[in-house]
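J.: What follows is a single structure, and I will ask about it in a moment.
The values are calculated or read from the model by the stated rules, or taken from the named source; none is laboratory data. Values in this document were obtained by computation on a predicted structure and should not be read as measured data. Positions of Cβ are backbone-derived with ideal geometry, glycine not excepted, and every protein chain shown enters the neighbour counts.
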Amino acid sequence: MRISQFFLSTSKEAPAEAELTSHKLMLRAGLIKRLGSGLYTWMPLGLRVLRKVEAIVREEMNRAGAVELLMPAVIPAELWQESGRWDVFGPQLLKIQDRHARDFLFGPTHEEVITDIARREIRSYRQMPVNFYQIQTKFRDEIRPRFGVMRAREFLMKDAYSFHASAASLDSTYQGMYACYSRIFTRLGLKFRAVAADTGAIGGSGSHEFHVLADSGEDAIAYCPDSDYAANVEMAEALAPATPRAAATQDMRDVATPGQTTCQEVAGLLDIPLQHTVKLIALMAGGRMHAVLLRGDHNLNAVKTGKVAGLVDYRFASEEEIRAAFSCPPGFLGPVGLDRSRIRVVADRTAARMSDFVCGANRPGFHIAGVNWGRDLPEPDLVADIRDVLAGDPSPDGQGSLELCRGIEVGHIFKLGDKYSQALDATFLDEDGQVRAMIMGCYGIGVSRIVAAAIEQGFDARGILFPQAIAPFELAVVPLGSRRSVTVRETAETFYNALRAAGVDVVLDDRDERPGVMFADMELIGVPHRLVVSERGLKAGQVEYQGRADTTGTQIAVSDAVHVILEKIEACRNTG
């Protein structure tokens, strides 16, 4: 590729609304151009990156035995009404009508469509397992599109769906997809972790997320550096304390806290560790008040809490509901003296093991110190894991302590089971001739999001640090003063042709620009390798090589240049 025959559109500044580094750099490098809120045109340079990601995904999916197809992006409403998701998916669903006032939607995901295909085409267990996939544009009407293609309304996704005659068959394909995804992200040159995750709106019995590790990631990940354990904080188990509850050593007593309404403020007033306090969060579920108790420094985990018996579809109680139940305003609530026939007490595992703790007194301006379970209040109605883990907590696999990091979700695999096959009557005849519902798996990758995630993981003050596997070009040949020097121009052409013939994705910067402009552009767009040809260097029989992450260039003999470049590029290919 020659720059003169390409379209390069770089800029020094990014629009003020660009917040995330990847968004700024993608705009500055001319990878994308904004059309509207959450809508972006992939410019020629960005499309090269996108297609490279797509190619690796496709190669590995094919290698794993998946079969590619392409489903419509616009879906009749009847299918989603049949599955029950038409009314429950939420406002992210873009609903549209045709000229005959028939309802359609722009597909955010394709479980219904692929299940409809399966129920029409698959009749016998002999036709399974089968794993279909597509790489296709999706649309989700994000309430606040932001961060460029990281959270856009329109995006490119690889979604795959497998069909099985047994749970064991699903498990086998699931493990195959886990391995496939690991190969994909390794080949893309990304630092990533697979983590146990919640199934969310898609549903199913189990799932794993694949996260690109980056400080800007929206998701918190808990992992054990001494083992393979990793989980989204939504799912990471917080173990109960290893030691039994300590015996009471204090008498229960009231303490005045006239203006202190948080555990932090109360702990500061009493000069005690925050870990000695207990907070009460009032929740409503099933038409009943629930007093949820946590240690003062712990945070409620919404996903875990929603899975506790009796707390499905919970919501936070209103101030009016709190005053009616506790005869007290928020800020001074506690578990002592509650009418347990009306208020159910649910304690986190850690809070249930505490003794001599401080909590609200259910009286404005007061808390109670020296509170102990059994002596001062009945044991909790239920003890459950309902908090976020903290760094230093014991790993659930018993192999060490947990650490926390941030991640950008780029892939997600699910064991769907028969959720959609039951809803859409997708059945088959088993070996005994019995009619059974198909068992399904679902496997997604955010193809366009990977581009932004790679930038969040690799950038510096000069621009993007793309992994070689997805860089728009592997190598830039940059001739200095080629319009003035026939020797420079011809030597650069020789290198360009030789490297291209050797299979290198090379770009020749044949613009009549100052060296600084050409260097800055190649660094900004993230080309991993650069070969500079100059008149001064040629007189010494040398050209200059510089890797994108290098701070200075290296002089190499003209006669060795092609060999050296090929070795460096091949080395990077082998590590991806």
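J.: What's the number of the condition F89 fails, among (1) buried (at least 19 other Cβ atoms within 10 Å of the Cβ); (2) touching a residue at least 60 places away in the same chain (Cβ under 8 Å); (3) under 24 Å from the mean Cα position of the chain (by Cα)?
T.: (1)
For (1) within 30 Å of M289 (Cβ to Cβ); (2) in contact with a helix residue (DSSP H, G or I) (Cβ under 7 Å, 6 or more places away or on another chain); (3) free of Cβ contacts under 8 Å to residues at least 12 places away in the same chain; (4) acidic (D, E), each residue gets a yes or a no:
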residue: L377; (1), (2), (3), (4): yes, no, no, no
residue: G392; (1), (2), (3), (4): no, no, yes, no
residue: P396; (1), (2), (3), (4): no, no, no, no
residue: G411; (1), (2), (3), (4): no, yes, no, no
residue: Q434; (1), (2), (3), (4): no, no, yes, no
residue: A437; (1), (2), (3), (4): no, yes, no, no
residue: A454; (1), (2), (3), (4): no, yes, no, no
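J.: Which of the residues that make up segment 207-228 are over 9 Å from the mean Cα position of the chain (by Cα) and assigned to a loop (DSSP other than H, G, I, E, B)?
T.: A214, D215, S216, C224, P225, D226, S227, D228
J.: Being buried (at least 22 other Cβ atoms within 10 Å of the Cβ) and of a type outside the set (F, W, Y) is true for just one of S172, S162, S182. Which residue is that?
T.: It is S162.
J.: How about segment 110-124: which of its residues are in contact with an Asp or Glu (Cβ under 7 Å, 6 or more places away or on another chain) and either at positive phi or surrounded by fewer than 20 Cβ atoms within 10 Å (Cβ to Cβ) (or both)?
T.: R119
J.: Let me ask something else about it. For segment 305-326, does any single residue satisfy the condition of being closer than 21 Å to A369 by Cβ and modelled with pLDDT of 95 or more?
T.: yes
J.: Residues in segment 459-487 that are surrounded by 22 or more Cβ atoms within 10 Å (Cβ to Cβ) and in contact with a strand residue (DSSP E or B) (Cβ under 7 Å, 6 or more places away or on another chain): how many?
T.: 7
J.: Okay, moving on. Taking the stated definitions as given, is L508 farther than 21 Å from V212 by Cβ, surrounded by fewer than 23 Cβ atoms within 10 Å (Cβ to Cβ), in contact (Cβ under 8 Å) with a residue 24 or more places away in the chain and aliphatic (A, V, I, L, M)?
T.: Judged against the criteria, L508 is not a match.
J.: Consider only pairs whose beta carbons are under 6 Å apart and that are at least six residues apart or on different chains; among these, list those whose first residue lies in segment 40-69 and is more than 17 Å from I464 (Cα to Cα) and whose second residue is aromatic (F, W, Y) and in a strand (DSSP E or B).
T.: From segment 40-69, the pairs are M61/Y133; A66/Y133; V67/F132; E68/Y133; L69/F132.
J.: So which of A492, A502 ends up being surrounded by 20 or more Cβ atoms within 10 Å (Cβ to Cβ) and either out of contact with any His (no Cβ under 8 Å at 6 or more places or on another chain) or touching a residue at least 12 places away in the same chain (Cβ under 8 Å) (or both)?
T.: Criteria check complete, one pass: A492.
J.: Continuing with this model, one more query. Is segment 72-80 home to any residue that is in a helix (DSSP H, G or I), of a type outside the set (V, I, T), at pLDDT 95 or above and in contact with a Leu (Cβ under 7 Å, 6 or more places away or on another chain)? Steps first, please.
T.: Applying the first criterion (in a helix (DSSP H, G or I)) to segment 72-80 yields 77-80.
Imposing the further condition that a residue be of a type outside the set (V, I, T) reduces the set to 77-80.
Pick out the ones that are also at pLDDT 95 or above and you get 77-80.
Filter once more, keeping what is in contact with a Leu (Cβ under 7 Å, 6 or more places away or on another chain): 77, 80.
The answer is yes, given that some residue of segment 72-80 is in a helix (DSSP H, G or I), of a type outside the set (V, I, T), at pLDDT 95 or above and in contact with a Leu (Cβ under 7 Å, 6 or more places away or on another chain).
J.: Surrounded by fewer than 17 Cβ atoms within 10 Å (Cβ to Cβ), under 30 Å from P225 (Cβ atoms) and of a type in the set (D, E, K, R): which single residue out of D348, D397, D385 fits that description? Before you say what the answer is, go through the steps one by one.
T.: On the way: D348 fails: surrounded by fewer than 17 Cβ atoms within 10 Å (Cβ to Cβ); D385 fails: surrounded by fewer than 17 Cβ atoms within 10 Å (Cβ to Cβ).
Being surrounded by fewer than 17 Cβ atoms within 10 Å (Cβ to Cβ), under 30 Å from P225 (Cβ atoms) and of a type in the set (D, E, K, R) holds for just one of D348, D397, D385, which is D397.
J.: Here is a follow-up. For D251, all conditions in the list (1) in a strand (DSSP E or B); (2) in contact (Cβ under 8 Å) with a residue 40 or more places away in the chain hold save one; what is the number of the exception?
T.: (1)
J.: For G38, which of the numbered conditions (1) farther than 27 Å from P528 by Cβ; (2) in contact with a strand residue (DSSP E or B) (Cβ under 8 Å, 6 or more places away or on another chain); (3) at pLDDT 95 or above fails to hold?
T.: Result: G38 passes all but (3).
J.: So which residues in segment 260-300 are without any contact (Cβ under 8 Å) to a residue 24 or more places away in the chain and either in contact with a Gly (Cβ under 8 Å, 6 or more places away or on another chain) or assigned to a strand (DSSP E or B) (or both)?
T.: E265, L274, Q275
J.: Scan segment 267-277 and tell me whether some residue there is surrounded by 21 or more Cβ atoms within 10 Å (Cβ to Cβ) and closer than 21 Å to R342 by Cα.
T.: There is no residue in segment 267-277 that is surrounded by 21 or more Cβ atoms within 10 Å (Cβ to Cβ) and closer than 21 Å to R342 by Cα.
J.: So, one more: Cβ contacts < 8 Å: first residue over 26 Å from R140 (Cβ atoms), restricted to segment 154-182; second residue loosely packed, with under 15 Cβ neighbours inside 10 Å, any location; separation 6+ or different chain. Result?
T.: Once the first residue is over 26 Å from R140 (Cβ atoms) and sits in segment 154-182, its partners that are loosely packed, with under 15 Cβ neighbours inside 10 Å give A165/D430; G176/G65.
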